[in-house]
Structure formats: C-alpha cells, structure tokens
Amino acid sequence: MLIAAAGIGGSAATLERFYADDRGDTAYDVAVGGGCADISCNGGVSIHDIRDPDNPSLLVHPGWIDGAAFGLALNGETLLIASPRQGLFIADGSDPSDPIILAQHGDPAASAGVHRDGSLVSGYGRPLVLVDVADPANPTEIVEMGWRGANRVGGKEDFACVTDPERGAVLLDLSDRTNPSEIRVLAGCDSVYRIEVRGDWMYVAQCAFGVRVFDISSPRYPTSRFCFPHSGEA
C-alpha cells in the first residue's frame, strides 16, 4: 500500500511518494482525517498515523472484517466501511488506535459515501441505498434508489454524484432524501471508477482516461476545468 502527496498549481500537478506499507497488500480506498489515514485492503482496514508525514506509522489493523474491505468514508469521527461479504460497518474512530464497531447494516457492499448525516451505500449489481447514520449505533435505511452498480459516490450540500457502469458520472438531487432525483449525466466522463469531493472540487478517476477535475462551487452545475492524462489506471 502506498500513500502519496499531490500538489496542484494552475494546470500542473506533482505527485510524490512518501510512505509505503510493504506488506504487499492491495489498497482499495483511503479516508483521511484527524491525522490518520484509514486504508481498505484485502485484509480489511488498516489505520496509519500520518501526523508526521516524514514518519508515518501503522496504528492498528482491526480484525472485525471477514476478508476484504472496499469503500471507506468518514463522517466526523465515525468511520463507514463497505464490506463485500458483510455489508456496511459503522465504527467509532475517536480513538484511532482502538476503533470500536457500533453497528453493522445491510447487504454486501462495495462503496460507502457520506451525504450530510446519511451514507450512500452500494454493492456490485445491487441498488444504491441511502442510510441515515445520524445515530451511528442505529443506522436506518431511508430509501433504495434505482441505480445499480454505483461503486463510488461523492457529494456536496443537497447533491451527490455516483458512478454508473454504463453512463459514467450521474448527478443526483438529494434535497428530498426520501425521493432522490437524477439531474444529469456529466459530459466528458468515461469509464468512471472513483469520485472524490474536496471543498469546491470534484475529482473523477476515469481508469485509462485519467482524472477529470470539476468546479462544483455551484453544485447543481459542475464545470469541467481540466484533465490529468494518465498512461495507466486511475
């Protein structure tokens, strides 16, 4: 597993490797917060202390998950973990060296994203589900949506963007969480693998087509700003 730092300036970007966990496992997702990096892999989840970027260290590799973990998301100090065998795990990460499972919910899952106090959860070939996690010990399903195979999600305010295996990236209106609606398919996004939102920016990984960056300062009207070409898989 590899942790890298990226810097963007104008239309240029630099990527620097500064830490590798050399156990040879595959990293599927990363959630960063509170000075820690939570990393999903074939062995579940590992939590790394990255407060000193020059000397990161492994804090703990909890043994709650049977097999791999895929999607991760942080909601404050609550960690959401998508397990392809066991569904959504919800953990208290206030002490990152000793995370505690609060609840387990639903069917086998591939992704978990946060929309306010709700989690967008999906599994390969299964519908996208919105789960209320305001009380993390008692998750409640709000609505099951019609989108299947949405393996990554990202959101801001009343909007979320999900991957669609046939259409790319789809923008949803979640202002009424009991009745979500589709706004549009984002142009220029092909073979979308991953969506990540940071502030007013949304990063869409397009496998062999690189990473496309959208300005979402007006989230209903995302604007494509630039694309980083990529010779491998993004």
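State whether one or more residues within the range 6-24 are at pLDDT 85 or above, surrounded by 12 or more Cβ atoms within 10 Å (Cβ to Cβ) and out of contact with any strand residue (DSSP E or B) (no Cβ under 6 Å at 6 or more places or on another chain). Even if it seems obvious, please write down each step before you answer.
Step one: list which residues in the range 6-24 are at pLDDT 85 or above, which gives none.
Checked the range 6-24: no residue is at pLDDT 85 or above, surrounded by 12 or more Cβ atoms within 10 Å (Cβ to Cβ) and out of contact with any strand residue (DSSP E or B) (no Cβ under 6 Å at 6 or more places or on another chain).
Test residue 181 against the criterion of being in the same structural domain as residue 227 (by TED's automatic domain parsing) and in contact with a strand residue (DSSP E or B) (Cβ under 6 Å, 6 or more places away or on another chain), and give yes or no.
Values: in the same structural domain as residue 227 (by TED's automatic domain parsing): yes; in contact with a strand residue (DSSP E or B) (Cβ under 6 Å, 6 or more places away or on another chain): yes.
Yes; evaluated as a whole, the condition is true for this residue.
Do you know which residues across the range 35-57 are loosely packed, with under 14 Cβ neighbours inside 10 Å and at pLDDT 85 or above? Let's see the steps before the verdict.
If we filter the range 35-57 for residues that are loosely packed, with under 14 Cβ neighbours inside 10 Å, which is where we start, we get 35, 42, 51-55, 57.
Listed by number, the residues that qualify are 35, 42, 51, 52, 55, 57.
Looking only at the range 94-104, count every residue that is free of Cβ contacts under 8 Å to residues at least 40 places away in the same chain and within 14 Å of residue 64 (Cα to Cα) and tell me the total. Steps first, please.
Taking the range 94-104 as the starting set, the residues that turn out to be free of Cβ contacts under 8 Å to residues at least 40 places away in the same chain are 94-95, 98, 100-104.
Narrowing the set further to residues that are within 14 Å of residue 64 (Cα to Cα) leaves 98, 100-104.
So the answer is 6.
Can you name the residue in the range 158-198 that is in a loop (DSSP other than H, G, I, E, B) and among the charged types (D, E, K, R) and is also surrounded by the fewest Cβ atoms within 10 Å (Cβ to Cβ) among such residues?
Step one: of the range 158-198, the residues in a loop (DSSP other than H, G, I, E, B) are 158, 165-167, 174-180, 186-193.
Filter once more, so that each one left must be among the charged types (D, E, K, R): 158, 166-167, 176-177, 190.
Working: 158: 16, 166: 7, 167: 14, 176: 10, 177: 15, 190: 13.
The extreme case among them is 166.
So in the range 202-212, with the set limited to residues that are in contact (Cβ under 8 Å) with a residue 24 or more places away in the chain, part of a strand (DSSP E or B) and not basic (Lys, Arg), which one is surrounded by the fewest Cβ atoms within 10 Å (Cβ to Cβ)?
Taking the range 202-212 and keeping what is in contact (Cβ under 8 Å) with a residue 24 or more places away in the chain, we get 202, 204-210, 212.
Now narrow it down to the ones that are part of a strand (DSSP E or B): 202, 204-205, 212.
With not basic (Lys, Arg) added as a condition, the list becomes 202, 204-205.
On the way: 202: 26, 204: 29, 205: 21.
So the residue we want is 205.
What about residue 117, is it over 18 Å from the mean Cα position of the chain (by Cα), modelled with pLDDT under 90 and either under 21 Å from residue 160 (Cα atoms) or of a type in the set (D, E, K, R) (or both)? Even if it seems obvious, please write down each step before you answer.
Details: over 18 Å from the mean Cα position of the chain (by Cα): no; modelled with pLDDT under 90: yes; either under 21 Å from residue 160 (Cα atoms) or of a type in the set (D, E, K, R) (or both): yes.
No.
If a residue counts only when it is among the acidic types (Asp, Glu), which strands (runs of 3 or more DSSP E) contained entirely in the range 83-142 have at least 1 such residues?
Working: elements: 87-92, 100-105, 111-115, 118-122, 127-132.
Correct list: 87-92, 127-132.
Quick one: how many residues across the range 214-233 are modelled with pLDDT of 80 or more and surrounded by fewer than 19 Cβ atoms within 10 Å (Cβ to Cβ)?
The initial filter retains those residues of the range 214-233 that are modelled with pLDDT of 80 or more, namely 214-227.
Then keep just the ones that are surrounded by fewer than 19 Cβ atoms within 10 Å (Cβ to Cβ); that gives 215, 217-218, 220-221, 223-227.
Counting residues in the range 214-233 that are modelled with pLDDT of 80 or more and surrounded by fewer than 19 Cβ atoms within 10 Å (Cβ to Cβ) gives 10.
Residues that are over 19 Å from residue 128 (Cα atoms), among the acidic types (Asp, Glu) and part of a loop (DSSP other than H, G, I, E, B): does the range 51-61 have at least one?
Taking the range 51-61 as the starting set, the residues that turn out to be over 19 Å from residue 128 (Cα atoms) are 51-61.
Next, only the ones that are among the acidic types (Asp, Glu) stay: 52, 54.
When the remaining residues are screened for being part of a loop (DSSP other than H, G, I, E, B), the result is 52, 54.
Checked the range 51-61: at least one residue is over 19 Å from residue 128 (Cα atoms), among the acidic types (Asp, Glu) and part of a loop (DSSP other than H, G, I, E, B).
The values are calculated or read from the model by the stated rules, or taken from the named source; none is laboratory data. A quick note: this is a predicted structure, and the numbers were derived from the prediction, not measured. Methodologically, a virtual Cβ is constructed for each residue, glycine included, from the backbone with ideal geometry; neighbour enumeration extends over all protein chains shown.
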